[in-house]
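Chemist: This is the structure I have questions about; it appears just below.
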Protein chains: 2
Amino acid sequence: MADAHAPERPLANGQKRIDFQTAPSRYRHWKLAIDGDVATLFMDVDEKAALFQGYDLKLNSYDLGVDIELADAIERLRFEHPQVRVLILRSGKPRVFCAGANIRMLAGASHAHKVNFCKFTNETRNGIEDLSESSGLETICAINGTAAGGGYELALAANYIMLVDDGSSSVALPELPLLAVLPGTGGLTRVADKRKVRRDHADVFCTTEEGVKGKRAVEWRLVDEVVPGSKFEETVVARAREFAARSRRGAAAQGITLAPLSRTFTADGVDYGSLSVEFDRGGRVATIMLRGPTTPPPALADAMAALGSEFWPLKLARELDDAILNIRLNEFDVAAIVFKSAGDPAEVTAYEQFLDANRDHWLVNEIRHLWKRVLKRVDLTSRSLVTLIEPGSCFAGTLAELAFASDRSYMLLGQREGDNKPPATVVLTEANFGPYPMSNGLTRLVSRFLANPADLEAAKAERGKMLDAKAALRLGLVTFAPDDIDWDDEVRVFLEERASFSPDSLTGLEANLRFAGPETMESKIFARLSAWQNWIFQRPNAIGEEGALKRYGTGQQPVFDTRRV
Amino acid sequence: MADAHAPERPLANGQKRIDFQTAPSRYRHWKLAIDGDVATLFMDVDEKAALFQGYDLKLNSYDLGVDIELADAIERLRFEHPQVRVLILRSGKPRVFCAGANIRMLAGASHAHKVNFCKFTNETRNGIEDLSESSGLETICAINGTAAGGGYELALAANYIMLVDDGSSSVALPELPLLAVLPGTGGLTRVADKRKVRRDHADVFCTTEEGVKGKRAVEWRLVDEVVPGSKFEETVVARAREFAARSRRGAAAQGITLAPLSRTFTADGVDYGSLSVEFDRGGRVATIMLRGPTTPPPALADAMAALGSEFWPLKLARELDDAILNIRLNEFDVAAIVFKSAGDPAEVTAYEQFLDANRDHWLVNEIRHLWKRVLKRVDLTSRSLVTLIEPGSCFAGTLAELAFASDRSYMLLGQREGDNKPPATVVLTEANFGPYPMSNGLTRLVSRFLANPADLEAAKAERGKMLDAKAALRLGLVTFAPDDIDWDDEVRVFLEERASFSPDSLTGLEANLRFAGPETMESKIFARLSAWQNWIFQRPNAIGEEGALKRYGTGQQPVFDTRRV
């Protein structure tokens, strides 16, 4: 197996680290064209610009590098182009829409990369849906050519799919017949639960290598409309106009610029403006220290817009997102992520009040939804998560969500000897009771208190108060509250223990315990679908020397262990 | 890995086949004691009576053989002892309740056996919950000793858990720290979703080898009550009396006897009274032929009770269940199961009408719920399922559910050349619109028609009619309706194709497409939890030569690949 203790594959650009930061001027694979209230995102993959060495990105196939640009473009539509009401996804190449994830890339990737690649691409597709749900953009995918595998899965993220009716263009999920894996970037779930394709039709579709085209694609609900080639362009324009008219997105506001993050990478850490990451590589721990604001919030919303991406809540969200992604894809050996904070809880609370007071401002809406997505990214990060709440910290409102996203939290009771900082406090605000649902559709506190909704009400009643360790423990907001005498030992033992356990079993444990309660399409993608795909990515029938991924394109047929499990 | 093309491990009894049929007189591991309206099921595992060679069942640990007896006892409580209103689960051994699944058994089992063993034990625990939900028995688990791993998971299936408070008895889920696997028999899901344990408490509990005891076990909702040792017996009796008084189960009716199934095994098949199974081993297909009734239903419910387990709907359900389990655990090479039927649809419909007319009779209630469980077992069988509806078949009501449980169905249009049997028909009855929910909580037709509820109403309007292939196709009840000229080729090509695909990817595909719509605790166990466990069961950290399952008990520490995935 490619996986067994092998180093990760070298990056094509010679760097040691996958970088999640980019900007339209640097895109190699996408072109974002904006015309009034309609944005078109053209996929035109540069086959020579693969992320890793060893393969070309033929036929608009993609790897993580391609998807990082897509994710960036979607974020910029939200913040930089608030006047856009319709997004059209289409291909910049003739006769092919997108061939899906690159097979050579998959065949040569470590298991850890494959799994985290899929997770990121899933989050990007969920982000396209969130763009529509939370920002009100209408999304259209215009398929003029073949949309296969991940190509069709990308189309499925749009809310309206148009397919040219030219006798050859089709949609297909050929993963199973061709590669012995699943359409794992949401494909099966969106076919069943979003497009509600009848299950026997879905069975036929997903086992038919060449896919479905024309009228049947509409009858089986795989696309919304087929259009003759001669009328395709004009129909796309007509749909865009129609959908722009019904879009809920507000009238033209001035966007802000998402400035490049300022980061300094050192051997054992990363420094950002409002947070820093420190790696204890021997202990396999990454500590993320979040810093509270250094200035009060502006008095008026216009001043916030003038600050742009320097506005503290936005800056911190972007930096935290980058820090988490860096750990996920570049630091596989990290067993646990520790969240700490430093700052004044009253100042953090002042920002929460500012955001609440301006909740109808488009930029506040975008910032809240960005935090929602970043916090979901935290929930879905397969590392043990722990929040340490110490004197001098500022876990209030949005920042307190990190404690509720953690597998457990420790809050220091009283003061530290020889330190005159007052005892730590936690502050609940409106932010803890609504704007940040998890992928199961519930807030973290609702999920936490499923057993007894009265506990939720009790916590709600304490909004705005500085809660010390005793109060936080009584309200069920933290797991343990050791005093200074026990603190260091308890935390050290916990982190050592975590590093001693099998990483896989922790991944499975946390994936089950973090998401009590209902499931949504989104949570089904990360649970049912991804877990099965990960299993298949470990099975010799896919990844063995005689398996389908390895033999694809060699002319040799794969050899399967025929036992059904 | 134990799995790679190795034969399955030999059975201890020298047989070639795991047998799912047993009876209380033959139990080696359980004692069922009935005292008025209270039944006690004592677990007292005979350590020398393991299912496979090579290990002993120490400390009330279990293998599939132990669980087959448990499943049998639960079924008998339903049919043979309708007067029982309370079930107490407890240990027949001192100081230990149950140590969970036997580790040596797991370490030496093939992946296919491990996965199907877990599936069956999950179904059995779901069956204990269904006993309470559908038959109204109250279930108590009385833990006097240690309930670890699968032992505590068994307790979690009861609705009330009592733990002796003796300073040593505890509940524990030590799978992760001890074995690098998950509490995969529902444990994580029931902790999070049934008992609604707070997620940070659950995290601590599931990573603490020695478990939790005494007051904390109640505070953390892991048990309902702790009782001092001196008062344990009297308190168990008191709770049984209390719960008997509130049980919904009807007053003393006379039970029926579940007679041994009459079966004949041949080299390429199995014959039962009302169905037969034929194996095409080259083609990797098992064909299950279900036979309609040969006599009309009795006029009165009393006559049904007199027929006992010979009553056709009950007989067929039990035989189908045994046939499915035989394929699941003894015939791993079968890629597809084909359902066929032979009989008169009008006679089958007459039985449906009889069951509907007598729906308040306790035995009819039990028969409907047995079919519900058998059909769920079909849904969860990881083989491709196809129903072939041909002239002479009798897919009406309950039997038609098999077509809706299938990944696809073919219905022959018109007659066969040279055959004077009239064209095939399908009949919908009340049975298709309520009594048989899938594990997602929806009926198969509701799941099928999620896209357009009007399709469900259109189907409902046709209840009782003999629907020919054209009508069935129009109503969306079947996938394809080829005529005699195309039939053989279409079916052959489909089955050959199915056998040519990777078995693993089919398992993943079907597990995703069969369950559109909502998730329940039950479906979460088979999706989220089982899929993650299956993944872990493939990972070297658990099953490699240096992995935790292999090294358990050797005195050597496991060696883990530290990369988090």
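The values are calculated or read from the model by the stated rules, or taken from the named source; none is laboratory data. Nothing here was measured: the structure is a model prediction, and the numbers come from that model. So basically every Cβ, Gly included, is an ideal-geometry build from the backbone, and we count neighbours across all protein chains shown. The protein model used for the area step is the full one, side chains on, heavy atoms only, and it has no ligands, DNA or RNA in it. Shrake-Rupley method; radii C 1.70, N 1.55, O 1.52, S 1.80 Å.
Chemist: What does DSSP give for chain B in terms of the percent of beta bridges that are antiparallel, rounded to the nearest 5?
Modeler: That works out to approximately 35 percent antiparallel.
Chemist: Further question on the same structure: Give the calculated FRET efficiency between residue B:465 and residue A:342 to the nearest 0.05, with a Förster radius of 56 Å applied to their Cβ-Cβ distance.
Modeler: 0.15
Chemist: Continuing with the same structure: Provide, as a two-decimal number, the C-alpha radius of gyration of chain A over 2.2 N^0.38 Å, N being how many residues it has.
Modeler: 0.99
Chemist: Quick one: of the DSSP bridges fully inside the stretch A:16-146, what percent are antiparallel, nearest 5?
Modeler: Around 30 percent antiparallel, to the nearest 5.
Chemist: So who's got an amide H within less than 5 Å of the one on residue B:101, skipping anything under 5 residues away but keeping other chains? H placed 1.01 Å off N, in plane.
Modeler: Residues meeting the amide H criterion: B:62, B:150, B:151.
Chemist: Still on this structure, I have one more. Can you find, among B:106, B:422, A:65, the residue farthest towards the positive end of the dipole of the protein assembly as shown? Put +1 on the C-beta of Lys and Arg, -1 on that of Asp and Glu.
Modeler: My answer, from the dipole projection, is B:422.
Chemist: Right, something else. Taking +1 at the Cβ of each Lys and Arg and -1 at the Cβ of each Asp and Glu, which of A:237, A:255, A:163 sits farthest along the dipole of the stretch A:139-259 towards its positive end, judged by Cα position relative to the Cα centre?
Modeler: It is A:255.
Chemist: Tell me the carbon and sulfur percent of the accessible area for chain B, rounded to whole percent, probe radius 1.4 Å.
Modeler: Carbon plus sulfur share of accessible area: 51 percent.
Chemist: Turning to a different aspect of this structure: Measuring nothing but label to label, 7 Å from Cα along Cα→Cβ, what are residue A:419's distances to the other copies in nm, shortest first?
Modeler: In nanometres, ordered from closest: 8.1.
Chemist: Nearest 0.05, what FRET efficiency do residue A:238 and residue B:234 give at R0 = 60 Å with Cβ-Cβ as r?
Modeler: In this case the efficiency is close to 0.15.
Chemist: If you don't mind, there's one more thing I want to ask. Once amide H atoms are placed 1.01 Å from N in the peptide plane, what residues at a sequence separation of 5 or more from residue A:45, or on another chain, have their amide H within under 5 Å of its amide H?
Modeler: Amide H neighbours of residue A:45: A:60.
Chemist: Hey, can you grab everything whose amide H is under 5 Å from the amide H of residue B:12? Only 5+ residues off in sequence or another chain; H modelled, so Pro and N-termini drop out.
Modeler: B:52, B:53
Chemist: Do any trypsin sites (Lys or Arg not before Pro) in the stretch B:273-303 lie in a loop, going by DSSP, with at most 16 other beta-carbon atoms within 10 Å of their beta carbon, and if so which?
Modeler: B:281
Chemist: Here's a follow-up. Are there GluC sites (Glu not before Pro) in the stretch A:495-565 that DSSP marks as loop and that have at most 12 other Cβ atoms within 10 Å, and which are they?
Modeler: Filter output for the stretch A:495-565: A:545.
Chemist: Exactly which GluC sites (Glu not before Pro) in the stretch B:361-449 are in a DSSP loop and have at most 14 other Cβ atoms within 10 Å?
Modeler: The qualifying sites are B:417.
Chemist: Between residue A:21 and residue A:48, what is the label-to-label distance in nm when each label sits 7 Å out along the Cα-to-Cβ direction?
Modeler: Output for this residue pair reads 2.8 nm.
Chemist: Give the lysines reachable from residue A:16 as a straight Cα distance under 24 Å; neighbours fewer than 8 places away on the same chain don't count.
Modeler: Of all the lysines, those that pass the test against residue A:16 - Cα under 24 Å, at least 8 places apart if same chain - are A:48, A:114, A:119.
Chemist: With only Lys, Arg, Asp and Glu charged, each at its Cβ (+1 for the first two, -1 for the last two), find how big the charge dipole of chain B is about the Cα centre; round to the nearest 20 debye.
Modeler: That gives chain B a dipole magnitude of about 1520 debye.
Chemist: Using the basic label-point model (7 angstrom from Cα toward the beta carbon), what is the residue B:556 to residue A:497 distance in nanometres?
Modeler: Each label point is offset 7 Å from its Cα along the Cβ direction, giving 2.7 nm.
Chemist: With each run of n ≥ 4 DSSP H residues scored as -39500 (n - 2.57), what mean residue ellipticity at 222 nm is computed for chain B after dividing by its residue count and rounding to the nearest 500 deg cm²/dmol?
Modeler: That calculation yields -11500 deg cm²/dmol at 222 nm.
Chemist: Assign unit charges at the C-beta atoms only (+1 for Lys and Arg, -1 for Asp and Glu), then state the dipole size of the stretch B:1-141 relative to its Cα centre in Debye, rounded to the nearest 20.
Modeler: Its charge dipole is roughly 480 debye.
Chemist: Next question, about the same structure. If you put a point 7 Å past Cα along the Cβ direction, how far is that point for residue A:23 from the same point in each other copy, in nm, smallest first?
Modeler: Distances between equivalent label points, in nm: 8.2.
Chemist: Please tell me the relative contact order of chain A in percent, rounded to the nearest whole number, where contacts are Cα pairs under 8 Å and at least six residues apart.
Modeler: Reported as a whole number, the value is 12 percent.
Chemist: Separate question: Post the alpha-carbon centroid distance, the stretch B:449-508 to the stretch B:53-111, in whole angstrom.
Modeler: The two parts, judged by their Cα centres, are 40 Å apart.
Chemist: Given the C-alpha centroids of the stretch B:138-182 and the stretch B:257-300, what is the distance between them in whole angstrom?
Modeler: The distance from the Cα centre of the stretch B:138-182 to that of the stretch B:257-300 comes to 39 Å.
Chemist: Let me ask you something else. Under a point spin-label approximation (7 Å from Cα along Cα-to-Cβ), what is the residue A:208-residue B:360 distance to one decimal in nm?
Modeler: It works out to 5.1 nm between the two label points.
Chemist: Computed on protein heavy atoms with a 1.4 Å probe, what is the summed buried accessible area for the chain pair A and B, in Å² to the nearest 100?
Modeler: Buried area between the two chains comes out at roughly 8900 Å².
Chemist: Which whole number in µm²/s is D for the stretch A:87-184 by Stokes-Einstein, with the Kirkwood Rh taken over Cα pairs at 20 °C and 1.002 mPa s?
Modeler: In µm²/s, the coefficient rounds to 151.
Chemist: Size of the dipole of the protein assembly as shown about the Cα centre, Lys and Arg at +1 and Asp and Glu at -1 on the beta carbon, nothing else charged, in debye to 20?
Modeler: 280 debye
Chemist: Rolling a 1.4 angstrom probe over the protein heavy atoms, how many square angstrom per residue are accessible across chain A?
Modeler: 35 Å²
Chemist: Could you check what % of the DSSP bridge pairs in the protein assembly as shown are antiparallel, to the nearest 5?
Modeler: Expressed as a percentage, antiparallel bridges in the protein assembly as shown total about 35.
Chemist: Which ³J(HN,Hα) values, rounded to whole Hz and listed in residue order, are derived for the stretch A:266-277 from phi using the Karplus coefficients 6.51, -1.76 and 1.60 in 6.51 cos²θ - 1.76 cosθ + 1.60 with θ = phi - 60°, glycine and proline given as x?
Modeler: Calculated HN-Hα couplings, in order: 10, 4, 10, x, 9, 10, 10, x, 10, 7, 9, 10 Hz.
Chemist: Pairs B:31/B:372; A:340/B:550; A:524/B:340; A:58/A:315; A:31/A:372; A:196/A:315: which exceed 31 Å Cα-Cα?
Modeler: A:340/B:550; A:524/B:340; A:58/A:315; A:196/A:315
Chemist: Also, quick follow-up: Select from the stretch A:160-176 all residues whose loss of accessible area on going from the chain by itself to the full protein assembly reaches 10 Å² or more (probe 1.4 Å).
Modeler: Correct list: A:176.
Chemist: Would you please calculate the Kirkwood hydrodynamic radius of the protein assembly as shown over all C-alpha pairs and express it in Å, rounded to one decimal?
Modeler: This gives a value of 31.1 Å.
Chemist: Taking a point 7 Å out from Cα toward Cβ as the label site, list the nm distances between residue B:46 and the same residue in every other copy, smallest first.
Modeler: Between copies, matching label points for residue B:46 lie 7.4 nm apart.
Chemist: Further question on the same structure: Could you tell me the calculated FRET efficiency between residue A:295 and residue B:451, based on Cβ-Cβ distance and R0 = 51 angstrom, to the nearest 0.05?
Modeler: The pair residue A:295/residue B:451 has a calculated efficiency of 0.45.
Chemist: Follow-up question, since we're still on this one. Using the Karplus curve 6.51 cos²θ - 1.76 cosθ + 1.60 with θ = phi - 60°, what ³J(HN,Hα) values do you get for each residue of the stretch A:180-188, in whole Hz, with x for Gly and Pro?
Modeler: Computed from phi, the couplings for the stretch A:180-188 are 6, 10, 9, x, x, 8, x, x, 5 Hz.
Chemist: Quick one: P(r) of the stretch B:462-565 from all Cα-Cα pairs, 10 Å bins, percents rounded to integers, in order of increasing distance.
Modeler: Calculated over all Cα pairs of the stretch B:462-565, the distribution is 11, 22, 24, 21, 10, 9, 3 percent.
Chemist: Placing one identical point scatterer on every Cα of the stretch A:134-252 and ignoring solvent, what is log10 I(q)/I(0) from the Debye formula at q = 0.18 Å⁻¹?
Modeler: The Cα Debye sum returns log10 ratios of -0.90.
Chemist: Spelling out what I want: for every residue of the stretch B:394-399, take phi, set θ = phi - 60°, compute 6.51 cos²θ - 1.76 cosθ + 1.60 (Karplus), and round to whole Hz; glycine and proline get x.
Modeler: 9, 7, 10, x, 3, 5
Chemist: Quick one: Debye curve from the C-alpha atoms of the stretch B:473-534, no solvent, what's log10 I(q)/I(0) at q = 0.18, 0.24, 0.29 Å⁻¹?
Modeler: -0.86, -1.02, -1.17
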